[in-house]
Amino acid sequence: MAQVSFANRQVSCKIVYYGPALSGKTTNIEIVHQKVPDNHRGELTSIATEGDRTLFFDFMPLDLGNVAGMNTKFQLYTVPGQVYYNATRKLVLRGADGIVFVADSSPDRFEATIESLENLKENLAEQGVDISKIPLVIQYNKRDVPGAVEISLLQSRLNPRLIPHFEAIASTGQGVMQTLKTLSKLVLDQLNRQYGARSIAGSAVSVQMKEVSLNAKNTSSAGTGKAPSRVDSETEKTIQAVSAVSAATRPTRPAQPRPVRRAAPVKPAASRISPPRSNKKIVRQVRNVSEIQEPTERHIGRALLLLFLIFLLSGGLAVLTWSLF
Amino acid sequence: MDKDQQLRDERLVFYRQDMEKIEAVFQEFLELSGSLCAMLVDKDGHLITQAGHTMSYDPDTISALVAGSFAATCEMARLLGEEEFSLLFHQGKKESIQLALVGDRSLIAIVFDVSTTLGLVRLYSAEMVAKLVDILEKAKKRPQAETLAVNFGAVVDDNLDGVFGG
């Protein structure tokens with residue numbers, strides 16, 4: 001289960017490599033450890049037997065860096081593949097946000113691979129997770145083995161839903177990074193759906209309104225009162241985007257026309273006028289509005305549109321008045 | 001399964017006010033108990049926050065190991081007929097670590113050395129855990145007030161290319 005902390009501006013997700021014994025799970029993570037730049041990863045920790053067979057798990061933290069203001073991290077785990085370590089696999093699988101199923105293309109491991117996928121399904125179900133709902137990719141590893149099982153057969157037995165799949169030779173690194181990259185994208189897309197701007201009624205608009213007020217702030221001068229500029233084009237785009245979001249979240253409401261009462265275009269100037277005082281008020285009100293729960297979504301939308309119009313009208317009026325005098 | 005589903009539905013999202021309260025509780029505990037550091041980790045192995053002398057430890061790895069260790073002993077507890085062990089203690093020659101359950105979904109890992117005693121750590125950690133449970137319960141009930149940025153999905157691609165190659 002991904003951990004989100006708006007306090008630390010951090011997101012942390014768990015990715016698990018699953019598959020039958022000796023399919024290449026640990027090799028995958030070792031290759032990732034080799035190829036990812038040092039500043040984007042931590043050390044690889046392996047809890048293994050003396051024979052280098054995974055006993056509990058392998059673990060490596062990955063740091064994707066700043067993604068839209070959130071420090072995004074992945075924790076990569078592998079599970080022990082041997083059949084009698086099922087209890088341990090369940091522990092490691094707990095809270096997984098995404099899974100790479102590493103299938104062994106060796107013909108003598110075909111049945112074990114199928115059983116491992118069934119085992120994954122069962123272990124997830126035991127934790128109340130539907131395998132079809134969790135981000136999952138399949139890696140057909142060991143494609144260089146003589147007599148490797150045909151992809152079409154593997155697909156028919158392992159991937160009837162046609163989820164993303166990759167051919168790989170993990171020992172050489174082939175296919176490893178592409179597999180992880182695709183799964184990472186799936187995991188972050190799901191996170192975005194759960195925590196993104198549209199996930200809470202009104203919040204999408206509140207986030208954009210903050211950007212509007214910030215843009216307006218950025219266009220202000222230190223009160224020099226010199227020649228005004230037209231409304232910042234980024235602000236205008238943001239306003240349009242927010243209007244679109246507002247309309248989208250309330251499909252029964254007719255689309256609002258783009259406000260036309262704006263400052264008349266003038267020569268661009270080095271300095272700009274201060275934004276009208278109402279901007280700050282708008283942000284405060286929107287912030288309060290965004291904390292209101294879903295049942296008042298319709299009222300939030302109407303209030304926000306009215307605030308938009310007031311903001312634009314007052315801005316335009318201020319510029320017009322300035323230009324006249 | 002129901003409990004798992006409940007934990008997923010009531011996932012914790014942390015805000016500045018939560019972190020400030022947790023860090024205040026940690027600071028008070030470290031001063032009273034003389035411990036070296038304290039880490040709050042969720043059961044999935046994610047580090048929530050930490051305080052004290054943590055520079056020598058890789059926090060991500062410690063968090064994963066703490067969670068894994070606790071999970072393994074929980075299974076042992078179930079075999080013995082217990083729901084779970086709420087407290088684990090590992091003693092070292094110079095430094096020791098105590099793991100304690102905090103609510104349903106979090107663990108606290110306390111590292112201390114010979115300058116303090118196990119009894120003192122246990123005494124104050126019990127109080128600290130009670131305060132943390134209260135903070136986390138309030139955090140769980142709070143409706144989500146922030147969201148990821150609108151362009152989060154778009155920026156992700158660039159970051160992934162940078163880390164995994166284009």
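Bear in mind that the values in this text are calculations on the coordinates, not laboratory data. The shown structure was predicted, so the numbers you read here are calculated from the model rather than taken from an experiment. No Cβ is skipped: glycine too gets one built from the backbone with ideal geometry, and neighbour counts run over all protein chains shown.
Overview of results
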quantity: Rounded, prolate or oblate (a/c below 1.5 giving rounded, otherwise prolate when a/b exceeds b/c) for the stretch B:2-164 by Cα gyration tensor; calculated: prolate
quantity: Acute angle (nearest 10 degrees) that the helix B:16-33 long axis makes with the longest principal axis of chain B, alpha-carbon atoms; calculated: 20
quantity: Three-way shape call for the stretch B:91-166 based on the alpha-carbon gyration tensor, with the a/c threshold at 1.5; calculated: oblate
quantity: Percent of beta bridges antiparallel (DSSP, the stretch A:3-195, rounded to nearest 5); calculated: 45
quantity: Between helix B:59-79 and chain B: long-axis angle, C-alpha atoms, 0 to 90°, nearest 10; calculated: 70
quantity: Protection-proxy order for peptides B:59-72, B:118-131, A:169-182, each taking the mean of Cβ atoms within 10 Å per residue, highest first; calculated: B:59-72, A:169-182, B:118-131
quantity: Efficiency of FRET between B:ALA126 and A:ASP108 - r from beta-carbon atoms, R0 45 angstrom, step 0.05; calculated: 0.25
quantity: A:GLN174/B:THR116 FRET efficiency (R0 56 Å; Cβ-Cβ; nearest 0.05); calculated: 0.60
quantity: Part-to-part distance (alpha-carbon centres) for the stretch A:73-149 and the stretch B:34-59, which is given in Å; calculated: 30
